[in-house]
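A short worksheet on the structure shown next.
The values are calculated or read from the model by the stated rules, or taken from the named source; none is laboratory data. Quick caveat: nothing in here was measured; it's all calculated off a predicted structure. So basically every Cβ, Gly included, is an ideal-geometry build from the backbone, and we count neighbours across all protein chains shown.
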Amino acid sequence: MLIFSGESLRKIRAKIKGKIAYIIPGIISENDYFLSRILEIPIYAGDINLTKSLFTKSGNKRIFELNNIPFPTSAWDIENEEEFYDSLTDLINKYMNVNVWIFKMDNEINGRGIAYLQLDKSKIFFELKTEKQKNSISEETFISDLKLFLMKVKNFIKKFILF
């Protein structure tokens, strides 16, 4: 890391001496603030805790929602496995015509932490959906059976999403 390399810090100081210099970090960390103090140059960044929360997928959804910007049907700020299955069950129940659900982790980048569930390939889900459409089962039974089904496929989902 740069802050532990005296030689690198000396070279940077020499390069910026007598010039206007500042740090513009990508994803802010305590090390960026530390480097700013060591080099005695300003850093252009917001509060670290606020910035970290906004640079997540859930944080983006909150910004869109606050500004009335349309975004796809989704759930966010999910903290544990139970919330995940409750949210997914509710979304599938509400949007029965959606066959593929995509899951994205807040703290992953470059496509890591992404999984999907393709419901139209499942015979069990097809039968459950058909029963609901024919009003053969109650709403409560459907939701309960759907959640059980999702928990059975959780081994697939858990390979990609760790709580």
>> So the check is Cβ under 8 Å with 6+ separation or different chains; which pairs have a first residue in region 56-80 that's among the aliphatic types (A, V, I, L, M) and a second one that's not in a helix (DSSP H, G or I)?
In response: I63/I69
> Restricting attention to region 117-131, which residues are within 17 Å of W101 (Cβ to Cβ) and either surrounded by 14 or more Cβ atoms within 10 Å (Cβ to Cβ) or not assigned by TED's automatic domain parsing to the domain that holds D90 (or both)?
Replying inline: L117, L119, S122, I124, F125, L128, K129
> If you scan region 113-155, which residues turn out to be assigned to a strand (DSSP E or B) and not β-branched (V, I, T)?
Replying inline: A115, Y116, L117, Q118
>> When you scan region 76-96, do you find a residue that is in contact with a helix residue (DSSP H, G or I) (Cβ under 6 Å, 6 or more places away or on another chain), farther than 26 Å from D120 by Cβ and part of a helix (DSSP H, G or I), even just one?
In response: no
>> Please go through region 40-75 and give me each residue that is assigned to a helix (DSSP H, G or I) and β-branched (V, I, T), ordered by number.
In response: I48, T51, I63
>> If the requirement is being β-branched (V, I, T), outside the structural domain of Y95 (by TED's automatic domain parsing) and surrounded by fewer than 12 Cβ atoms within 10 Å (Cβ to Cβ), which of these qualifies: I48, I24?
In response: I24
